[in-house]
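Structure, as structure tokens:
The values are calculated or read from the model by the stated rules, or taken from the named source; none is laboratory data. Remember, it's a predicted structure, so these values are computed and weren't measured experimentally. Methodologically, a virtual Cβ is constructed for each residue, glycine included, from the backbone with ideal geometry; neighbour enumeration extends over all protein chains shown.
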Amino acid sequence: MQIQRKLPNWWRQACLSLLIPTLAYSCHSPLASSEESLEAVDYVDTKMGGISHLLVPTYPTVHLPNSLMRVHPQRSDYASEQISGLPLILTSHRGVSAFSLSPRTDVTDSIPSTTRYSYDEEVIRPYSYDVFLVEPEVKVSYAPSAQSAIYTFTFEDDRKGHYLVFSTAKGELQAFGRTLRGYQELEDSTRVYLYAESDVTPQSYGLRDETTGRVSLNHQGAEGKTIALAYSEQGVRLRYGISYISVEQARRNVEREIQSFEASLIAKAGRNEWMKALSKIEIEGGTKEERTVFYTSLYRVYERMVCLSEEGRYWSAFDRTVHDDAGVPFYTDDWLWDTYRATHPLRILLDPLKEQQMLTSYLRMAEQSTDGWLPTFPEVTGDTHRMNGSHTIATFADAYAKGVTGFNLSAAYQASKKTLTEKSYLPWTRIPKGPLSEYMDKNGYFPALHPGEVEQDPRVTKWEKRQSVAVSLAAAYDYWCLSQLAKFSGHDAEADGYLRRSYDYRKLFNYETGFFHPKDGRGRFIEPFDYELSGGLGARDYYDENNAYTYRWDVLHNPADLIYLMGGKERFIDYLDETLRTPLSMSKWEFYSHLPDQTGNVGQFTMANEPSLHIPYLYNYAGAPWRTQRLIRKLIDTWFRADLMGVPGDEDGGGMSAFVVFSMMGLYPITPGLPVYNIGTPFFPKMTLHLASGRTFVIEAEGASSVNKYIQRAELNGKPLDRPWIRHSELVAGGRLVFTMGSRPNKNWGAKTPPPSAERINLDKE
């Protein structure tokens, strides 16, 4: 039975018609609709994960898919008693608003630049925000477009004043007539510009004294960092545009996108954009909780990257210049250490053209930078080069391997080669190679310090340390991705050389323990060593945010060789089981004081951090797909739920959510760069992927549930499929993948044909 049913066409058209604003919320509110009439966007629960298990919660971001304009309530998490003003634009996915807007009923005494509010009746949808500010008794509604937005304010007590206070932390604002304009300085010469227009003319204007906090009113206008506009009307509507180019461009953005002051029209248009995005994956059946987790996760994947092109031009912080985009939009804001694993591969399936544009954006960043290196964490203000590795290379290798070829392959290869040849391997740095990186180029691993040994290299950051094993493993994978790009572009000899370097992870493998173990500059293992706790805070002396149990499996490109190193499939399975079954050696509060990022524990396995996402699928390589099926169902059901603590760790703007989307589909791309998907366990009786080509790929699993999680047999386009993986080419060709599910494992299905790994070459055991 089809559970998710679409509304009749005539009713949908009525709801979406811009001629009927009164239906803006009533026709699609989940509270007002029966479950059978809900559409994909109605299942999105923006509060899911809004209280963190330990570190950073999810934020209920209101925006259109991959758009410049985005906001969320300014508070530490959902449990916060107050919000700090109203946001106008977030410049990064968990950032603080560049400007603040504070409705007030008086400005007679000293006031803060941004007012804090108790609030109630908050309703947050992907495309709208409604809240009641308790003390001033103001009802607020908000709806965004791509580069502009609209606020509606209703002051419920007409006996008091009606003020809107605008502020900028580092910039300048000007107000006169019905308009307000200004800018805020960000980092590295980047400015964000604001143009706002109210539907009524202010009665007076006020400038806040930055020393005393007092506001002086006049009837001409105001100029400064904090400005108050006084209105005689109870209802005020404000439309505004944002730009990284100029105030004039901000004005053009809002006038192009929002022609009236009707917030309901913008909310309906936004809802329609979200329906187009989320409906690319249509699900049938499953529980309401499962559908909520799925579509909420898919919504979060669209939070980044964001499009900076404004009428064919964009600001680039990489050379501090405004450029013509030549018809190819420019995107930024991406934490690639998190997103290369599943977010980019998911976008290749759902929107390959947009992924192609994002890859072209990376090449532009490299071209515009002084060093010519690819970015690692590109944001609006430039490359923040966080974490370790150069995994932008993986996004190019994965896209080209899967047929997304509309970017300049030669430029991608040369920029990737230049990055690995010249840029330091040290984490959190964007500097040329020094002695430590040169040592790794010569010896195949990054040297580690012994406990208590004082760091002598000033290039090493005091907080992030050397991360010697994590850096070594990341580079091995990056070199494999580079070898793929070299092969694609016809540089066969170089491809062979990079392929050999992709096996350098072997230099740190400890055959006696089965772990990747740090070595010092003389080639000696660091001893004594505790694989759970050694490495200081976040294990950063040797690993990164996670302990050795996680990095034991950080060979994304070559699980087959990892099986060989560990002594065969049975030992490989034993080590996987050991990771999941070895308890913490101390209380949780003690453990998390050492490894605060490693939450969501199942034994030593962490569901809360991206380097762990592929681990549950590794049983497929060792002839035990049923173990993957059991584990994936348990992990998703345990750690991802439609509630305030329903995300186990930092979600990282789509990095973890893409894992949920793929896993609930029953697929996962363990190795970006190989056009292959591992099969896990499907969560829904039927799922339809609407591909960019116009084809559909249907995944059927009648009876799939938390009980019937085991695959008994499978068919691909009517032919038996007895392998726990499928090719990308099989998926994008369209067709039907049908699973027969059961409550007991079929230990034979898929056991004899493991997923592909990197090309095997002859290397002596080291």
Query raised in the report: Among the strands (runs of 3 or more DSSP E) contained in the range 210-322, which hold 1 or more residues that are of a type in the set (Val, Ile, Thr)?
Result: 215-218, 226-231, 235-243, 281-284
Report summary line: Apart from one, (1) surrounded by 19 or more Cβ atoms within 10 Å (Cβ to Cβ); (2) in contact (Cβ under 8 Å) with a residue 60 or more places away in the chain; (3) not β-branched (Val, Ile, Thr) all hold for Tyr479; the odd one out is (2)
Report task. Name the residue, out of Tyr142, Tyr163, that is crowded, with 20+ Cβ neighbours inside 10 Å, more than 17 Å from Val71 (Cα to Cα) and at pLDDT 95 or above. Result -> Tyr163
Report task. Quick one: count up the residues across the range 631-674 that are more than 18 Å from Lys288 (Cα to Cα), assigned to a loop (DSSP other than H, G, I, E, B) and either of a type in the set (A, V, I, L, M, F, W, C) or outside the structural domain of Cys481 (by TED's automatic domain parsing) (or both). Result -> 3
Report task. Might you check whether a residue that is within 17 Å of Thr392 (Cα to Cα) and of a type in the set (S, T, N, Q) occurs anywhere in the range 476-488? Result -> yes
Requested in this report: Please identify the pairs in which a residue from the range 144-165 that is part of a loop (DSSP other than H, G, I, E, B) has its Cβ atom under 7 Å from the Cβ atom of a residue that is acidic (Asp, Glu), counting only partners at least 6 apart or on another chain.
Outcome: Ser145/Glu257; Ala146/Glu257; Gln147/Glu257; Gln147/Glu310; Glu156/Glu137; Asp157/Glu137; Lys160/Asp106; Gly161/Asp106
Query raised in the report: Does Arg237 fit the bill of being at pLDDT 95 or above, under 28 Å from the mean Cα position of the chain (by Cα) and crowded, with 19+ Cβ neighbours inside 10 Å?
Result: no
**Report entry** Residue ID - nearest to Ala394 (Cα to Cα), chosen from residues in the range 536-566 that are assigned to a helix (DSSP H, G or I) and in contact (Cβ under 8 Å) with a residue 60 or more places away in the chain
**Finding:** Pro559
Query raised in the report: Could we say that Asp478 is modelled with pLDDT of 95 or more, assigned by TED's automatic domain parsing to the domain that holds Gly444, closer than 30 Å to Val56 by Cα and assigned to a loop (DSSP other than H, G, I, E, B) here?
Result: no
Query raised in the report: Failed condition for Tyr505, given (1) in contact with a helix residue (DSSP H, G or I) (Cβ under 9 Å, 6 or more places away or on another chain); (2) part of a loop (DSSP other than H, G, I, E, B), with all others met?
Result: (2)
Query - All positions within the range 54-73 that are surrounded by fewer than 20 Cβ atoms within 10 Å (Cβ to Cβ) and either more than 18 Å from Asp652 (Cα to Cα) or of a type outside the set (A, V, I, L, M, F, W, C) (or both) - result: Ser67
Report summary line: For the range 171-209 the number of residues that are touching a residue at least 24 places away in the same chain (Cβ under 8 Å), of a type outside the set (A, V, I, L, M) and not in a strand (DSSP E or B) is 10
**Report entry** Trp626 vs. criteria in contact (Cβ under 8 Å) with a residue 24 or more places away in the chain and in a helix (DSSP H, G or I)
**Finding:** yes
**Report entry** Filtered residue count, the range 75-103, keeping only those that are under 18 Å from Leu173 (Cβ atoms), under 20 Å from the mean Cα position of the chain (by Cα) and without any contact (Cβ under 8 Å) to a residue 40 or more places away in the chain
**Finding:** 2
Requested in this report: Please verify whether the range 679-696 includes one or more residues that are of a type in the set (D, E, K, R) and either in contact with a helix residue (DSSP H, G or I) (Cβ under 8 Å, 6 or more places away or on another chain) or within 29 Å of Val56 (Cβ to Cβ) (or both).
Outcome: yes
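Conditions (1) of a type in the set (D, E, K, R); (2) out of contact with any helix residue (DSSP H, G or I) (no Cβ under 6 Å at 6 or more places or on another chain), marked per residue:
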site	(1), (2)
Trp274	no, no
Leu278	no, no
Ile281	no, yes
Gly286	no, yes
Val293	no, yes
Glu311	yes, yes
Ser316	no, no
Asp325	yes, yes
Val328	no, no
Query raised in the report: Can you name the residue in the range 405-428 that is surrounded by 21 or more Cβ atoms within 10 Å (Cβ to Cβ) and not aromatic (Phe, Trp, Tyr) and, of all such residues, is nearest to Gly521 (Cα to Cα)?
Result: Leu426
Query raised in the report: Got a sec? Which strands (runs of 3 or more DSSP E) wholly within the range 93-134 have at least 3 residues that are of a type in the set (Gly, Ala, Ser)?
Result: none
**Report entry** Residues located in the range 168-218, provided they are modelled with pLDDT of 95 or more, within 24 Å of Ala149 (Cβ to Cβ) and acidic (Asp, Glu)
**Finding:** Glu172, Glu185, Glu197, Asp199
Query raised in the report: Could we say that Leu55 is part of a loop (DSSP other than H, G, I, E, B) and outside the structural domain of Ala146 (by TED's automatic domain parsing) here?
Result: yes
Query raised in the report: All but one of (1) charged (D, E, K, R); (2) over 27 Å from the mean Cα position of the chain (by Cα); (3) within 26 Å of Arg347 (Cβ to Cβ) hold for Glu303; which doesn't?
Result: (2)
Query raised in the report: Within the range 331-339, can one find any residue that is closer than 21 Å to Ala146 by Cα, not polar (S, T, N, Q) and not in a strand (DSSP E or B)?
Result: yes
Query raised in the report: Any idea which of Leu716, Leu635, Leu674, Leu631 is in contact (Cβ under 8 Å) with a residue 60 or more places away in the chain and either surrounded by fewer than 24 Cβ atoms within 10 Å (Cβ to Cβ) or under 30 Å from Ser390 (Cβ atoms) (or both)?
Result: Leu674
Query raised in the report: Are any of the residues in the range 521-535 out of contact with any Pro (no Cβ under 6 Å at 6 or more places or on another chain) and in a helix (DSSP H, G or I)?
Result: no
Query - strands (runs of 3 or more DSSP E) (entirely within the range 706-757) containing at least 3 residues that are over 25 Å from Leu635 (Cα atoms) - result: none
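State all residues of the range 322-356 that are farther than 22 Å from Tyr477 by Cβ, under 19 Å from the mean Cα position of the chain (by Cα) and touching a residue at least 40 places away in the same chain (Cβ under 8 Å); if no residue qualifies, say none.
If the condition is that a residue be farther than 22 Å from Tyr477 by Cβ, under 19 Å from the mean Cα position of the chain (by Cα) and touching a residue at least 40 places away in the same chain (Cβ under 8 Å), then Tyr331, Thr332, Asp333, Leu350, Asp351, Pro352, Leu353, Lys354, Gln356 are the ones that fit.
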Query raised in the report: Which residues, taken from the range 350-392, are among the charged types (D, E, K, R) and either touching a helix residue (DSSP H, G or I) at 6+ places or on another chain (Cβ under 7 Å) or not in a helix (DSSP H, G or I) (or both)?
Result: Asp351, Lys354, Glu355, Asp371, Glu379, Asp383, Arg386
Query raised in the report: Taking Ile431 and the conditions (1) in contact with a strand residue (DSSP E or B) (Cβ under 8 Å, 6 or more places away or on another chain); (2) buried (at least 19 other Cβ atoms within 10 Å of the Cβ), which numbered condition does it fall short on, given that it satisfies the others?
Result: (2)
